[in-house]
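Coordinate-derived values only; no laboratory data. Predicted model, so just to flag it, every value in this text is computed and none were measured. Heads up, the Cβs are rebuilt from the backbone with ideal geometry, glycines too, and the neighbour counts pull from every protein chain shown.
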Amino acid sequence: MDYVTSIISAVIIFPIIAFLITVPFILYNYHRYGTVYYFRSFIIYSFVLYLLVAYFLVILPLPDINSINMNAETTQLIPLQFIYDFINKSGFIFDNINTYLSAFKTSYFYVPIFNIFLFIPFGMYLRYYFNCDLKKVIIFSFLLSLFFELTQLTGLYFIYPHSYRLFDVDDLMLNTLGGLTGYYVLGIFQKLLPSKSKIEEETNKRRVKITYLKRFTLFCLDLFILGILNYIFAIFLNVPITFTASLYYIVIPILFKGRTLGSKFLHISLTSKEGKLKFYQILVRYCLFVLIFFIIPHFNLLNFISIMFNFVYFIIKKEMIYETISKTKLQSTFALKNNDNNCL
């Protein structure tokens, strides 16, 4: 029942963790791969959920701090003690088959088995997605197990005045064995999963596209950077947001050939629909951008009209009005790299 409660708790907390990592995850993927590939996303989020479940299984249930036994043992350092305990304390008798079932129902049997199964997914993730060899799987499995054991030994990082669970050397061995088992289990089923090369192939197909999500990510990232700059300028120079926005969206793109700091990070460039990008196109595009998003909003009625017009225009034309007028569009620099590679 404690195991089920721990798993349910992890599942409840997971959406919060997922929400917190989503923005960094999207930014990292666009910066590193140029796209957010759904299968890679599924692997990463399921891996996070697995780690959360494993962690909760280790630390929960949390006892009342006043119920902690300050004289309880904190460590078990005898290797393979779990075998001795099973043989001598579970009621198991080798030559009496009638004792098997009852012995297997005791914690002396299912706890060591649980410690193995707990780390099997870890070994599978390490081999499949992180491309770890056998040696690395063993090392990382041991280190994760050691982290869990130290968490218990320190009383949840000294929140508790004494350890409320035992630091057990057998757990280190069994967890590492679980990771090793996962490595070999994945080897059996690996052919049923998309290969690493297949994932990379799909990523390469998608990375050159400027999707709506990528555009929205760029828009939000630029606003975030602008917000930081505006906060700094407001403190030291006491300038309005329109000044900072003009600096960020007009001066910086002129200096960096049409790219903002956000587009440089996301590997997005500005290009002309008519060939080579001209200086006036950069100026027209970003002056209109500042006008629409930072100057017009100061006028209530005009702002509402502007929002409705730009929204309808984008739905119909699939691009913003400032892109149509300046005859510019966004392009992934990964596409440029692919073209360069094709020329070699």
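For a test of the definition: using alpha carbon positions, the gyration tensor, and the 1.5 limit on a/c, classify region 208-343 as rounded, prolate or oblate. Kindly include the intermediate steps, with their values, before the conclusion.
Details: a/c = 1.90, a/b = 1.32, b/c = 1.44.
It comes out oblate by the Cα gyration axes.
The modelled label-to-label distance between VAL312 and LYS273, using points 7 Å beyond Cα along the C-beta direction, is 2.0 nm. For the residues PRO253, PRO121, PRO24, a GNM of the chain with alpha-carbon springs under 10 Å puts the largest fluctuation on PRO24. The ranking of SER326, SER272, SER163 by Cβ neighbour count inside 10 Å, starting from the fewest, reads SER272, SER163, SER326.
Would you order SER41, SER263 from fewest to most other beta-carbon atoms within 10 Å of each residue's own beta-carbon?
Details: SER41 14, SER263 20.
The fewest-first ordering by Cβ neighbours comes to SER41, SER263.
Here the contact order of the chain, divided by its residue count and restricted to Cα pairs under 8 Å and six or more residues apart, works out to 17 percent. Inter-label distance, THR99 to LEU291: 9.0 nm, where each label sits 7 Å from its Cα along the C-beta direction. Taking label points 7 Å from Cα along the Cα-to-Cβ direction, THR5 and PHE256 give a separation of 5.2 nm. What you get for region 208-343, charging only the Cβ of Lys and Arg (+1) and of Asp and Glu (-1), is a dipole of about 440 debye around the Cα centre. Using the structure shown, select from LYS135/LYS264; LYS264/LYS317; LYS198/LYS273; LYS135/LYS205; LYS264/LYS327; LYS198/LYS318 the pairs with a Cα to Cα distance greater than 29 angstrom. Pairs exceeding the cut-off: LYS135/LYS264; LYS198/LYS273; LYS135/LYS205; LYS198/LYS318.
Assign one of three labels to region 102-157, namely rounded, prolate or oblate, based on the Cα gyration tensor with a ≥ b ≥ c the square roots of its eigenvalues; rounded applies when a/c is under 1.5, prolate when it is not and a/b is larger than b/c, and oblate otherwise. Walk me through the numbers before you get to the answer.
On the way: a/c = 3.18, a/b = 1.35, b/c = 2.35.
Oblate, since a/c reaches 1.5 and b/c is not below a/b.
Its Cα centre serving as origin, the chain has a Cβ charge dipole (Lys and Arg +1, Asp and Glu -1) of approximately 2320 debye. In the elastic network of the chain, a GNM with C-alpha springs shorter than 10 Å, the most mobile of ILE232, ILE44, ILE138 is ILE232.
When each of the peptides 243-249, 63-69, 209-215, 5-11 is scored by how many other beta carbons lie within 10 Å of its residues on average, the order from highest to lowest is 243-249, 5-11, 209-215, 63-69.
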